[in-house]
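I have placed the structure first, in the form of C-alpha cells, so that the comments after it can refer back to it.
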Amino acid sequence: MFKKSSRTKNIRRKIEVTDDEPTATEEEVVIKKTITSLAEKKKKKEAKKAIPALSFDQEENEEEFQIKKTNKGRKLQIREDLIQLNDQPEIVTSSYDAETLNKLRAATPSIRSVSSGDALLHEKFPSVVNPTIQTTGIPDASAILAAKKKREQMRKGFTITEQDDGFIPLDDNNETEDTSGSRLVREEDDIADDGEAELDKYVGGSFTINQGKAKFIEKERREGVREMIEEAEKDDEQSEDMGRWEEDMIKYGGARTQRKENDPFAIPTNYKQAQVPESSVLPTLADVKSSLSLATNDLTFSTKQHEQNLAETQRSMDTLKRTEEDVEKEIERGGGRYNYFQDLAQYVNDLGEFLDAKFPELEKLEEQVHDLVASETEIILSRHWQDNADDLLLFADIQQLDEEMEEEENVDEFGRVKELRNSDAARRRRKEERKQRMSRQADLAEESVEDLIKEQGLWTDDEMQDDEQKDNKLQAIETAGIEALMEDVSEEFRSLGAVKEKFEAWKTTYYEDYQKAFGSLSLPGAFEFYIRLELITWNPFLDPAEFDSMEWHKILSEYGLSSEHEDPDTEMLNKVVEKSMIKKIKSLLDTLNVRSSRQMRYASQVMEQVSYYIDPSEKAYKELANEFVDVFQRQMSRIVEMVEKSSLISNLDKEGTEAKKRFFWSQCKYLKTLALLRRQLPKDQLRSLSHTITTKILAPILIQNNELDVQLQDEMQSMLSILQK
C-alpha cells in the first residue's frame, strides 16, 4: 500500500571517540574482538521497542497511533537451534614476546610525547601532525584524508589506539567488535560515502585462519547483516507512519489551505493598458484623394496581377488538357499498334508459306519462256555464223571447213545421204534462203549494188516485220500458265495491290517503326514474286517498255502516300529494280543478239532505265555492265576462231570480192551495235571489245596494198571514231 523509498540508505555505525582518552603509555596494543550472544541482542531490541517512536498525549480519548513492524525482517532470521553461541571472548595476543618487543622499541627511533593541548588533534590526525611541533589552525587536505581513512577503518569495526613511539606495531589483534548501537553519521561522511565501504565488508575477500574461526566470522557477519536489514525496515516504516500522521493532522484540522477570493475591483493579472493614439491633424482633401489614388492603383495592379495569374492558370489547364488528350491518343495508338503488328506478323508468316509454295512454279514458267526465246536466238546466231562462213570461204581458205568437207558422207536410217553443212549444195541453198528473206524488205530493192552489198552484210533477221516475230507459245504461258498458277490463291495474296495494302499502314501510321525496321529494304522481297509474275513473258531486248509504265511501278509508286509523305518511296523502288528488274535482265542476256541493232538499242534503253534507280558506281550496275561485255565476247569468239584458222586467196573474182565486202560489213555491225552502249558500258570495256573486233576479225582479212582493202580500212576507222565519242 505504501511505496518504500528506492534510495539506498547509507547504513553506518556510530564511531565513538573518547576525547578524554589518556595518552597511550602502554607497551602493548591489545585489540579485543568480542562476540555478543543472540540473547543479549534480543534484550537490546526489546529495550528499544519499549520506547515508542511516535506518541501523542492521548487527548480526547483518541486511538493511539503506533508503528507496526512488518514481518519481512523475520524471514531473514536464523533459527536459534542452528546458531552456536560462544560467550567466551576470543583474545588474540601478539605473536611477539615482551623481550622481543623491547628490543624492537630500543632499535626504533622515538619522538617526544605530544603536549596535552594537542591530544585531540593528534588523535584525529595522527599520521599528519608531528608531536614535536606545536600546530595551530585548520588542518590541510592530507590531514583530512588521513582522518577519513581512520573513520573508514573505525566503521569497519576496528578500535585503533594510536601509539606515539614512532614504530609500526607488530601485533595482529586489530579486529574489535563495535558494541555501540548508535547509527549517527556525520554530514560530510554521508555526502562522501555512498556505501561502498560497507559493501566491501560483505563482498570483499577475507583470509581464514582455521575452520572454526571462519565459521565464527561468517556467523557474526550474518547477524550484522540481519540487524542492519531490520533497522532499515524500521526506518522506512517510521517514515511512512510519519507521513500518514501528517496527512491525518491536516485532514482533522491541523492545517488548511487558504482560499483566495476574487476581488472584482482588482486589476487583472493579464491586463494590458490600451494604447491611446496621439492627436493628429485631420487630412486634407488632396491627401485623401492621393491616398485613394494610391489605393486604386494598388487595386488595379492587384487586379492585373490576378488576371495574369488567371490567364496563366488557364493556359496551364489547357496544356494539361492537351497533354491528357495526347496521352489518351498515345494509349489508343499503342493498343492499335500492338494489334496491327500482331496481325501483320501473322500475315507475314502466311505470305512466307505462300511464296515458298509458289516460287518453284513461277521459276518453271520463267524457264519455259527462256527456253523459247533462247532457241530462237540460237537459230538466228547459228544461221548468221553459217552465212559468214559461206562468205569467208569465197575469199579465204578455212582449214576447219576443209576438214569437214573431206569427211565421209553420212547415211540416215532410210539410206539417204546426209547433206554436209559446208557443201556447195548447202551453201547455194542458204544463199537462196537469204535472198528470199531480204526480198521481203522493200527498201533493199531500190538500193545500188554497193549499198545493197553493204545492207546485206548489216542485215539481220530481227529487221523483218513484227508480225512474224510473235510466238503463240509465249501467249499461252502469259494467259493460261499464270491463271493456273494463281487459281488456288485467296484474294489477300492474289495481287500486288492486296499485299501492298497490308503493309501500307506500316509506313503511314507507324513511320518511325518503318524507318527503324528498314521497311524500304525488306519489302521488295515480298513484292518480288508479283513483279516477276507480271513480267514473265517480258523480254527487255524485244519490248522497249519503260519502267514507270509498268503496272507494278504504278502500284508501288503509290505505296505510303499521304499528307505527311507526299513523295513516293524511292528507296523502295530502287531496291525493287535492283532485286527484281536486274535479275530479269540478267536471266535473258544469253538470248541477246549483239548484231541486232534493234535489240542493242533496246538494251541501251533498259540500261539507261536502270541507271535512273541505281547509280552506275554501285556494284549491281557494274555487274550488269560486265554481263553485257561477256555476251559480246562469247558471240564474237566463234568468228575470231574461224578467222584465225583462215588464209586469204589472191586474185578474187567478182563473187569473192562481193563476199569479202559483205563479210567486212557484217563484222562492222559489231562496232555499230557496240557504239549504242558507249554511255552505259565502262570505257575500258569498250576499248577492249573494239580492239578485239579490229585486230582479230577485220585487220586479218584486209591487205595493205589492195585498193579495196584500203577503202574498207577507212570505213573501219570512221566507225571507231564514232565509238570513241
Do we have Asp397 as modelled with pLDDT of 65 or more, in the same structural domain as Ile697 (by TED's automatic domain parsing), closer than 25 Å to Ser596 by Cα and not aliphatic (A, V, I, L, M) here? no
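Results for (1) modelled with pLDDT of 85 or more; (2) assigned to a helix (DSSP H, G or I); (3) not aromatic (Phe, Trp, Tyr), shown as yes or no for each residue.
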| site | (1), (2), (3) |
| --- | --- |
| Trp245 | no, yes, no |
| Ile250 | no, yes, yes |
| Asp263 | no, no, yes |
| Ile267 | no, no, yes |
| Ser290 | yes, yes, yes |
| Leu294 | yes, yes, yes |
| Asn297 | yes, yes, yes |
| Thr300 | yes, yes, yes |
| Thr303 | yes, yes, yes |
Of the residues in the range 611-641, those that are among the hydroxyl-bearing types (Ser, Thr, Tyr) and either surrounded by 15 or more Cβ atoms within 10 Å (Cβ to Cβ) or assigned to a helix (DSSP H, G or I) (or both) come to Ser611, Tyr612, Tyr613, Tyr621, Ser637
When residues of the range 524-571 are filtered for being crowded, with 19+ Cβ neighbours inside 10 Å and at pLDDT below 85, how many remain? 3
Can you pull out every residue in the range 333-375 that is under 25 Å from Ile536 (Cβ atoms) and hydrophobic (A, V, I, L, M, F, W, C)? Val348, Leu351, Phe354, Leu355, Ala357, Phe359, Leu362, Leu365, Val369, Leu372, Val373, Ala374
Selected residue [in contact with a helix residue (DSSP H, G or I) (Cβ under 7 Å, 6 or more places away or on another chain) and in a helix (DSSP H, G or I)] from Glu483, Glu492, Glu504: Glu492
Quick check: anything in the range 665-678 touching an Asp or Glu at 6+ places or on another chain (Cβ under 6 Å) and under 28 Å from Ser382 (Cα atoms)? no
Residues being in contact (Cβ under 8 Å) with a residue 24 or more places away in the chain and out of contact with any helix residue (DSSP H, G or I) (no Cβ under 8 Å at 6 or more places or on another chain): count how many of those fall in the range 706-721. 0
Looking only at the range 336-359, filter to residues that are at pLDDT 90 or above and acidic (Asp, Glu); which one of those is nearest to the chain's Cα centre (by Cα)? Asp350
Can you spot a residue in the range 496-505 that is closer than 20 Å to Leu355 by Cα and over 43 Å from the mean Cα position of the chain (by Cα)? yes
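Okay, residues lined up against (1) among the β-branched types (Val, Ile, Thr); (2) surrounded by 10 or more Cβ atoms within 10 Å (Cβ to Cβ); (3) within 30 Å of Tyr510 (Cβ to Cβ); (4) free of Cβ contacts under 8 Å to residues at least 60 places away in the same chain:
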residue	(1), (2), (3), (4)
Leu294	no, yes, no, yes
Asn297	no, yes, no, yes
Thr300	yes, yes, no, yes
Gln308	no, yes, no, yes
Thr313	yes, yes, no, yes
Leu320	no, yes, yes, yes
Glu324	no, yes, yes, yes
Val327	yes, yes, yes, yes
Glu330	no, yes, yes, yes
Has the range 650-660 got any residue that is in a helix (DSSP H, G or I), crowded, with 21+ Cβ neighbours inside 10 Å and more than 60 Å from the chain's Cα centre (by Cα)? yes
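The values are calculated or read from the model by the stated rules, or taken from the named source; none is laboratory data. Being a predicted model, the structure only gives us computed values, none of them experimental. Cβ: placed from backbone, ideal geometry, glycine included. Neighbour counts: every protein chain shown.
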